[in-house]
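Student: Handing you this structure, nothing more for now.
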Amino acid sequence: MTNPNTFEGRPEKMARWDARYIGLAHHIAQWSKDPRAKVGAVLVNQAQARIVATGFNGFPSNVEDSAERLENKARKLQMILHAEQNALLHAGHDARGCDAYVVGKPVCNVCATLLIQSGVRRVVAAAPREGTSSYWDGVGLLAIEMLREANVEFAPITEAQMQVLGLDAVEARRSLDPFAAHQAEFDFGGAPPAGEEG
């Protein structure tokens, strides 16, 4: 008997559920108190049609998220947990085999490492922009390289999916994957570029 929840051979079903989970990640991102970036993540076990965990960017439990700390960019970045990290911590071992939906910023290299090690099989997120001096785009490009090398599928959020949510694709990071056709040619030549925080 085949699994009725499977997306295999049913791309329209996958697209419909992807849109729902992207919308949920966007909703959860709004819970973040970060005034500069609101990021949400949802981990889904597709085989069981079950949301395993959610997360948003914020300070650890029992650590005061005062306006003073949140507005001090350098201090905030030293203290904050990314949405993906929060979702993975809540999921524990149940993250294995899940799909991760991330809205708000491209997945960074550190979160890609954690997603890979947790056994996540697919990541749906905004693709980083190429040719920018943004730190987040640089680490996002490295994240995609790592995900693909580890055989974790990366599916960029499409412009159409963003529009359904009423999001501006430029503000939410251009979602077209600029490297899909050139995956074998990835070579970042060292550390990602440092620059504006985004």
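The values are calculated or read from the model by the stated rules, or taken from the named source; none is laboratory data. This structure is a prediction, so every number in the text was calculated from the model and none was measured. Positions of Cβ are generated from backbone atoms using ideal geometry, with glycine treated the same way; all protein chains shown enter the neighbour counts. Please note that ligands, DNA and RNA were not included when accessible areas were found on the heavy atoms of the full protein model with its side chains. Shrake-Rupley method; radii C 1.70, N 1.55, O 1.52, S 1.80 Å.
Student: Spot the failing condition for SER66; the list is (1) under 24 Å from GLY119 (Cβ atoms); (2) open to solvent by less than 90 Å² (accessible area, probe 1.4 Å), and only one is missed.
Tutor: Of everything listed in (1) under 24 Å from GLY119 (Cβ atoms); (2) open to solvent by less than 90 Å² (accessible area, probe 1.4 Å), SER66 misses just condition (1).
Student: Taking the condition of being part of a strand (DSSP E or B) and under 16 Å from HIS82 (Cβ atoms), how many residues in the range 49-58 meet it? So that I can check it myself, show each step before the final result.
Tutor: As a first pass, look at the range 49-58 and keep what is part of a strand (DSSP E or B): 50-56, 58.
If we keep only those that are under 16 Å from HIS82 (Cβ atoms) too, we end up with 53-56, 58.
Final tally of qualifying residues: 5.
Student: Sticking with this structure for a sec: Check the range 96-115 and report whether any residue there is more than 23 Å from PHE59 (Cβ to Cβ) and either open to solvent by less than 10 Å² (accessible area, probe 1.4 Å) or free of Cβ contacts under 8 Å to residues at least 12 places away in the same chain (or both).
Tutor: Yes.
Student: Filter the range 8-48 for residues that are open to solvent by less than 60 Å² (accessible area, probe 1.4 Å) and part of a loop (DSSP other than H, G, I, E, B) and give the result.
Tutor: SER32, ASP34, ALA37, VAL39
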